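FYI, it's all coordinate maths here, none of it is from the lab. Just so you know, these numbers come straight off a predicted model, no measurement behind them. Backbone-built Cβ (ideal geometry, glycine too); neighbour counts: all protein chains shown.
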Amino acid sequence: MKIVIASDHGGITIRQEIISLLKEMNLEYVDLGCDCTASVDYPDYAFPAAQKVVSGEADRGILVCGTGIGMSIAANKVKGIRCALAHDTFSAKATREHNNTNMLALGERVVGPGLARDIVKIWLETPFESGGRHETRVNKIKEIEKQYA
Ligand code: RB5
């Protein structure tokens, strides 16, 4: 599994923590920054990361900003992206099982590094419950997306 990861200035520390986790898990990753000291705009990082997921260059994407909210809103504007904002392990697991999310957003001002690692690990390791009601629901989301192509 190949991961794309990006953050704005508000998410650098948690992004680095997650990169350490990806290395420990022997997962391939591409890091899109930011390597910024000044304030940057989260859509400038969310969209390139989302593009790598929908193009197939990456299998999953992880985004970090101060709250995770801006990143998740921006990523979910990209057709084919299902980005979950998750700050607990229950939601991280459920959003893989139920929503087949392909991106995860986290807020560095919301969670500490230990919880962020647990959230990411469970989100990466949990499979989608395909072939049943959850797949029917995700397919309905895909049908809605077609109206906005
Ligand atoms: C940056 O100050 C902050 O707005 C950003 O990191 C994020 O929280 C936006 O949703």
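So for the chain, considering every pair of alpha-carbon atoms, how many percent are separated by more than 26 Å?
Cα-Cα pairs of the chain separated by over 26 Å account for 17 percent.
Under a Cβ-Cβ cut-off of 12 Å, what is the net charge of the residues other than Cys34 that fall near it, where Lys and Arg count +1 and Asp and Glu count -1? Kindly include the intermediate steps, with their values, before the conclusion.
Working: positive: Arg15; negative: Asp8, Asp31, Asp35, Asp41, Asp44.
Taking every other residue near Cys34 into account, the sum is -4.
Only loop residues by DSSP count here, and only those with at most 14 other Cβ atoms within 10 Å; note down the chymotrypsin sites (Phe, Trp or Tyr not before Pro) in segment 62-149 that meet that.
Tyr148
Picking from Ala105, Ala38, Ala116, which is most flexible by a Gaussian network model of the chain using Cα springs under 10 Å?
Greatest mean-square fluctuation among the candidates belongs to Ala38.
Provide the per-residue ³J(HN,Hα) series for segment 61-74, in order, calculated from phi with Karplus coefficients 6.51, -1.76, 1.60 and θ = phi - 60°, each as a whole number of Hz, with x at glycine and proline positions.
Ordered by residue, 3J(HN,Hα) equals x, 10, 10, 10, 9, x, 10, x, 6, x, 4, 5, 4, 4 Hz.
Per residue of segment 106-114, what does 6.51 cos²θ - 1.76 cosθ + 1.60 with θ = phi - 60° give for ³J(HN,Hα)? Whole Hz please, x for Gly and Pro, Karplus curve as stated.
9, x, 5, 8, 10, 10, x, x, x
For the chain, just give the cysteines left without a disulfide-compatible partner, judged by no other Cys Cβ under 4.7 Å.
Lacking a cysteine Cβ partner under 4.7 Å: Cys65, Cys83.
As a test of the formula, what do you get for the chain when each DSSP H run with n ≥ 4 contributes -39,500 (n - 2.57) and the sum is divided by the residue count, at 222 nm and rounded to the nearest 500 deg cm²/dmol? Don't skip to the end; give the middle numbers.
Values: 6 runs with 71 residues, N = 149.
Only helices count here, giving -14500 deg cm²/dmol.
List the residues, sorted by chain then number, that are 5 or more residues from Ala105 or on another chain and whose placed amide H is less than 5 Å from its amide H.
Sorted by chain and number, the residues that satisfy this are Leu63, Ala84, Leu85, Ala86.
For Tyr29, list long-range residues whose amide hydrogen, built 1.01 Å from N in the peptide plane, is under 5 Å from its own amide hydrogen.
Ile3
Between beta-carbons, use under 13 Å as the cut-off and find the net charge around His9, counting Lys and Arg +1, Asp and Glu -1.
-3
For segment 10-26, take each phi angle, set θ = phi - 60°, evaluate the Karplus expression 6.51 cos²θ - 1.76 cosθ + 1.60, and give the result in whole Hz per residue in order, putting x for glycine and proline.
So the Karplus estimates, Gly and Pro as x, are x, x, 5, 5, 5, 4, 5, 5, 5, 4, 4, 5, 4, 5, 4, 7, 6 Hz.
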